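The values are calculated or read from the model by the stated rules, or taken from the named source; none is laboratory data. Quick caveat: nothing in here was measured; it's all calculated off a predicted structure. All Cβ positions, even for glycine, are placed from backbone atoms using ideal geometry, and neighbour counts span all protein chains on display. Accessible surface is based on the protein model in full, side chains and every heavy atom, while ligands, DNA and RNA are left aside. Shrake-Rupley method; radii C 1.70, N 1.55, O 1.52, S 1.80 Å.
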Amino acid sequence: MDLLKQELPEHESRQHTETVTLDSKNKDMASVLALLPQEKAFITDDGLAGTLTLRLDTVQVEVAGYGSSTKQVSATRTYPNLAGQDTQYIPKTIQDGGRTLTLQDVSWQTDNTGSLDGYALGDRYTAVATYTGSATSSYVKGYTVTADYTGTVSRIALNKTRYVAIFEGTPLQPVEPVDDGLEATDPAPAASFNWPLLLAPLGLIAAAGGGIGIALFLKRRSELAEGGDEDA
């Protein structure tokens, strides 16, 4: 008469650990923890949900990579009391901070020495030399932070269904056994046979056997007769 459908909810839960990875510009713990919330909601691929808690002992910070930069550097050197404005008196390269710099420009200054005991002294010169070069330095591009969150995830699964069938009507009565009047100890009646039908095939077999025997006898007799004529 009716069919009822009943959902059977099933609670499922388990422990889950999720590893998160994120980028950080700094490696100090205060900056890193500012990026990691103490708790976070999480849903697994198979639909279990829960709140996971940060495990501080799993927080790790690693260098994400290195970069390099190059910049121009310069240095100035002064060379006084030179006899003339000639660059042969000026070094073409210098060492500055472990880097080799190359002469780029020279400016000259005249030193007026005046006279001594009525004799004019020749002019002297001071060279101001500018040296340039490049400096390459490396730097950390950033840091990679990894940490584990753990907790219990669960769900209510409706993956089972029960159907209830409702019947209405008069109950069926069991069938009573039929009494054939035979006692359990009475021997079973002997089976009757149709003897003519049983003997007919046997007669045919016997007739066929007799015919075969007569044919063999006549053949054998003919062979013996032929043998006797040849001996005569």
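Does Lys25 qualify as being touching a residue at least 60 places away in the same chain (Cβ under 8 Å), among the basic types (Lys, Arg) and either within 30 Å of Lys160 (Cα to Cα) or surrounded by 12 or more Cβ atoms within 10 Å (Cβ to Cβ) (or both)?
no
Could you say whether any residue in segment 2-17 is surrounded by 13 or more Cβ atoms within 10 Å (Cβ to Cβ) and in contact with an Asp or Glu (Cβ under 7 Å, 6 or more places away or on another chain)?
No, segment 2-17 contains no residue that is surrounded by 13 or more Cβ atoms within 10 Å (Cβ to Cβ) and in contact with an Asp or Glu (Cβ under 7 Å, 6 or more places away or on another chain).
When you go through (1) more than 30 Å from Trp108 (Cα to Cα); (2) of a type outside the set (A, V, I, L, M, F, W, C); (3) out of contact with any Ser or Thr (no Cβ under 6 Å at 6 or more places or on another chain); (4) at pLDDT 90 or above one by one for Arg77, which number turns out not to apply?
Answer for Arg77: the failing condition is (1).
Residues are listed down the side, and each one gets a yes or a no for (1) modelled with pLDDT under 90; (2) open to solvent by 60 Å² or more (accessible area, probe 1.4 Å); (3) part of a strand (DSSP E or B):
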{"residue": "Leu101", "(1), (2), (3)": "no, no, yes"}
{"residue": "Ser107", "(1), (2), (3)": "no, no, yes"}
{"residue": "Gly122", "(1), (2), (3)": "yes, no, no"}
{"residue": "Thr132", "(1), (2), (3)": "no, no, yes"}
{"residue": "Thr136", "(1), (2), (3)": "yes, yes, yes"}
{"residue": "Tyr143", "(1), (2), (3)": "no, no, yes"}
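Can you tell me which of (1) out of contact with any Lys or Arg (no Cβ under 9 Å at 6 or more places or on another chain); (2) touching a residue at least 40 places away in the same chain (Cβ under 8 Å); (3) not in a helix (DSSP H, G or I) is the one Val61 doesn't meet?
For Val61, the failing item is (1).
Just to be sure before I move on: is Asp46 part of a strand (DSSP E or B) and within 30 Å of Ser154 (Cβ to Cβ) in the structure I sent?
When the stated conditions are applied, Asp46 does not pass them.
Give segment 71-99 a look and list any residue that's part of a helix (DSSP H, G or I) and more than 15 Å from Thr126 (Cβ to Cβ), or say none.
Hit for segment 71-99 is Gln88, nothing else.
Which residue pairs have Cβ atoms closer than 6 Å, lie 6 or more positions apart in sequence or on different chains, and pair a first residue in segment 144-166 that is over 18 Å from Gln38 (Cα atoms) with a second residue that is part of a strand (DSSP E or B) and among the polar types (S, T, N, Q)?
Ser154/Ser13; Arg162/Gln6
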